[in-house]
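Let me begin by presenting the structure, written as structure tokens, before commenting on it.
The values are calculated or read from the model by the stated rules, or taken from the named source; none is laboratory data. Since the model is a prediction, treat every value here as computed from it, not as a measurement. Virtual Cβ from ideal backbone geometry, glycine too; neighbours counted across all protein chains shown. Areas reflect the complete protein model, heavy atoms only, side chains present, ligands, DNA and RNA absent. Shrake-Rupley method; radii C 1.70, N 1.55, O 1.52, S 1.80 Å.
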Amino acid sequence: MANWFSVRMRASLQQKHISGGEALVVKSAIAETVSALQQRAFSHSRGVPDTCHITVEAVTTPLVDVPLLAITDQAQPLQAMNTFIRQQGISDAAFTHAVALLRAPEQMRGAALIDAVTGERIDALDCRGVRVSRMTYDPSTLQAWRNKHAAYQGARIEEALLLASKVASASGIVGELCMSDDPEYTTGYFASAQSGYTRIHQMKPLGSECGGRVFFTQPDVSLQEVIHYLQRTPVRATSV
Ligand code: WAQ
Ligand code: MG
């Protein structure tokens with residue numbers, strides 16, 4: 001087994017979340033990964049942090065293969081996606097609660113877990129939320145994806161698609177809604193194992209710092225198991 005390391009960064013300014021990032025890399029890539037995450041923290045449009053934590057941890061369990069989600073773009077704003085999202089098993093109450101959380105003035109640094117039926121928040125992590133980490137691409141899958149999707153190439157979408165693929169593979173998760181908290185980035189997505197990764201345009205007004213992620217859960221989900229999977233289980237996204 002190759003020696004894999006989880007590298008995580010979080011940066012804040014007077015408790016306000018500025019930037020985060022995570023990578024799952026082999027030992028020889030730790031230095032460049034730490035440097036890239038540190039640079040990201042200190043060049044963010046949400047502000048210059050006063051605190052930046054970078055953690056490197058050895059991964060001791062084998063990587064689990066998960067399918068890379070297909071990416072589609074309906075070029076629709078969030079209101080127009082309402083019906084589509086409800087067709088994916090998300091109730092009105094859950095959708096409404098999710099949108100309210102994503103538009104709240106205070107951003108989480110992770111994701112909120114919301115019951116897809118009742119719309120209730122089930123994690124008790126407040127503005128911390130659940131931070132997904134320990135995911136990487138199978139290199140040949142990533143190369144093939146880049147060749148096919150030249151227009152989408154770049155760290156932001158590649159990282160979002162990777163995270164969404166891990167989340168969609170978790171047992172007990174119905175779907176995910178994401179809105180970037182970067183003021184200049186207004187495209188988000190809805191993702192699920194059955195619908196793939198669907199980009200959503202104009203999720204918020206340009207210049208707004210709101211954003212976040214919501215993971216919709218099945219009513220019978222084991223909270224502890226799903227959080228453990230999202231935070232701890234190392235996965236590799238591959239094409240199937
Ligand atoms: N785990 C859980 N939640 C996270 C994580 C993570 N690893 N990383 C970010 N979040 C949450 C956190 O609340 C952030 O405030 C929020 O998501 C947004 O994070 O196809 O840039 O890094 O063009 O700002 C989507 C790309 C980009 C859409 C999303 O998110 C497209 C983006 P950001
Ligand atoms: Mg951001």
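Looking only at residues of the range 229-240 that are closer than 22 Å to N3 by Cβ and in a helix (DSSP H, G or I), we find that the one that is most open to solvent (accessible area, probe 1.4 Å) is R232. Has the range 130-147 got at least one residue that is under 14 Å from the mean Cα position of the chain (by Cα), free of Cβ contacts under 8 Å to residues at least 40 places away in the same chain and either surrounded by fewer than 21 Cβ atoms within 10 Å (Cβ to Cβ) or within 10 Å of ligand 1 (Cβ to nearest atom) (or both)? No; the residues of the range 130-147 include none that is under 14 Å from the mean Cα position of the chain (by Cα), free of Cβ contacts under 8 Å to residues at least 40 places away in the same chain and either surrounded by fewer than 21 Cβ atoms within 10 Å (Cβ to Cβ) or within 10 Å of ligand 1 (Cβ to nearest atom) (or both). Does N3 satisfy the condition of being loosely packed, with under 14 Cβ neighbours inside 10 Å and either under 29 Å from G196 (Cβ atoms) or in contact with a Lys or Arg (Cβ under 7 Å, 6 or more places away or on another chain) (or both)? Taking the combined requirement at face value, the residue satisfies it.
Checked against (1) of a type in the set (V, I, T); (2) surrounded by fewer than 18 Cβ atoms within 10 Å (Cβ to Cβ); (3) in a loop (DSSP other than H, G, I, E, B), T96 meets all criteria but (3). When the test is whether a residue is modelled with pLDDT of 95 or more, open to solvent by 10 Å² or more (accessible area, probe 1.4 Å), over 21 Å from V235 (Cα atoms) and among the small types (G, A, S), G89 passes it. The single residue among C178, C127 that is surrounded by 21 or more Cβ atoms within 10 Å (Cβ to Cβ) and within 16 Å of ligand 2 (Cβ to nearest atom) turns out to be C178.
All conditions in (1) outside any strand (DSSP E or B); (2) farther than 30 Å from V117 by Cα; (3) open to solvent by 40 Å² or more (accessible area, probe 1.4 Å); (4) of a type outside the set (D, E) hold for R10, with the sole exception of (1).
The set of residues in the range 69-86 that are closer than 27 Å to L24 by Cβ, open to solvent by less than 40 Å² (accessible area, probe 1.4 Å) and assigned to a strand (DSSP E or B) contains only I71.
Considering only residues that are of a type in the set (G, A, S), more than 10 Å from ligand 1 (Cβ to nearest atom) and either within 17 Å of L230 (Cα to Cα) or open to solvent by less than 20 Å² (accessible area, probe 1.4 Å) (or both), which ones fall in the range 13-28? Within the range 13-28, A23 is the sole residue that qualifies. Here G154 meets the list (1) modelled with pLDDT under 95; (2) more than 13 Å from ligand 1 (Cβ to nearest atom); (3) of a type outside the set (K, R) almost entirely, failing just condition (2).
Yes or no, residue by residue, for (1) within 14 Å of ligand 1 (Cβ to nearest atom); (2) modelled with pLDDT of 95 or more; (3) in a strand (DSSP E or B); (4) of a type in the set (G, A, S):
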position: Y185; (1), (2), (3), (4): yes, yes, no, no
position: T198; (1), (2), (3), (4): yes, yes, yes, no
position: K204; (1), (2), (3), (4): yes, no, no, no
position: F215; (1), (2), (3), (4): yes, yes, yes, no
position: E225; (1), (2), (3), (4): no, yes, no, no
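Out of A155, A164, A160, A150, one residue alone is over 23 Å from L206 (Cα atoms) and within 16 Å of ligand 2 (Cβ to nearest atom). It is A164. For the range 30-56, taking the residues that are open to solvent by less than 20 Å² (accessible area, probe 1.4 Å) and among the aliphatic types (A, V, I, L, M), the one that is farthest from T136 (Cα to Cα) is identified as A41. Being surrounded by fewer than 21 Cβ atoms within 10 Å (Cβ to Cβ) and away from ligand 1 (no atom under 12 Å from the Cβ) is true for just one of V59, V66. Which residue is that? Checking each option against the conditions leaves just V59.
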